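This report refers to the structure that appears directly beneath it.
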Amino acid sequence: MKKEAISLLDKNYPLVSNLANLASFLYSSLPSINWVGFYLVDKKKGYLYLGPFMGPVACYMIPFNKGICGRSCRNKEVIIIDDVHLDKEHIACSSLTNSEMVIPIIKNNEVVALLDIDSPILSRFINKEENEELIDICKYLEGLF
Ligand code: SME
């Protein structure tokens with residue numbers, strides 16, 4: 001999956017186009033997910049705003065102090081939530097979502113965007129190999145910002 005994802009990306013095209021194709025690719029490649037997409041950082045305004053995604057409509061913006069996405073951004077860390085209903089910070093965009101993974105995209109030591117993946121399956125994100133591949137894809141994405 002990682003190789004295909006990376007070979008899809010092309011620095012000659014705008015960032016938004018690359019993220020859109022990657023969201024589409026991940027949506028069709030990852031089993032048992034109901035949403036995958038990007039939130040981008042607006043440092044001046046102090047929030048994350050919705051970027052390219054696949055799945056049902058989602059929140060336009062997430063303040064840095066809210067949501068799993070906000071926490072991932074503040075702490076510059078990958079977050080895996082086995083049961084979103086047990087996490088008080090979780091922002092529910094779809095009632096179908098039961099587990100979630102958020103990966104920060106870090107450039108020059110600052111978070112520039114996040115990859116957010118939702119699943120209807122509890123504890124969906126337990127496959128370490130797959131998780132590492134997703135983290136590697138996000139590392140590669142730094143070069144596009
Ligand atoms: N669940 C996220 C919000 C974004 S949606 O999942 C698409 C959060 O808690 O930050």
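Here are a few things to note about the model shown:
- Restricting region 77-100 to residues that are more than 10 Å from the ligand (Cβ to nearest atom) and in a strand (DSSP E or B), the residue that is nearest to residue 133 (Cα to Cα): 80
- Residues (part of a strand (DSSP E or B), near the ligand (Cβ under 8 Å from one of its atoms) and more than 17 Å from residue 138 (Cβ to Cβ)) located in region 51-68: 62
- Residue in region 69-76 that is among the basic types (Lys, Arg), near the ligand (Cβ under 9 Å from one of its atoms) and on the phi < 0 side of the Ramachandran plot present: yes
- Residue 95 meets all of the listed conditions (1) surrounded by 15 or more Cβ atoms within 10 Å (Cβ to Cβ); (2) modelled with pLDDT under 95 but one, namely (1).
- Hits in region 101-134 - residues which are in a loop (DSSP other than H, G, I, E, B) and more than 21 Å from residue 73 (Cα to Cα): 120, 121, 122, 123, 124, 126, 127
- Hey, residue 134 within 12 Å of the chain's Cα centre (by Cα), buried (at least 20 other Cβ atoms within 10 Å of the Cβ), closer than 20 Å to residue 8 by Cα and more than 10 Å from the ligand (Cβ to nearest atom) or not: yes
- Tally, over region 24-40, of residues that are within 13 Å of the ligand (Cβ to nearest atom) and in contact with a Leu (Cβ under 9 Å, 6 or more places away or on another chain): 8
- Number of positions in region 67-78 that are farther than 17 Å from residue 112 by Cβ and either surrounded by fewer than 17 Cβ atoms within 10 Å (Cβ to Cβ) or in contact with a Lys or Arg (Cβ under 8 Å, 6 or more places away or on another chain) (or both): 0
- Extreme residue, farthest from the chain's Cα centre (by Cα), among residues of region 85-104 that are within 19 Å of residue 55 (Cβ to Cβ) and of a type in the set (A, V, I, L, M): 96
- Residue within region 16-28 that is touching a residue at least 12 places away in the same chain (Cβ under 8 Å), under 22 Å from residue 141 (Cβ atoms) and part of a strand (DSSP E or B) present: no
The values are calculated or read from the model by the stated rules, or taken from the named source; none is laboratory data. Not measured: the values here are computed from a predicted model. Neighbour counts are summed over all protein chains in view; Cβ atoms, including those assigned to glycine, are modelled from backbone coordinates with ideal geometry.
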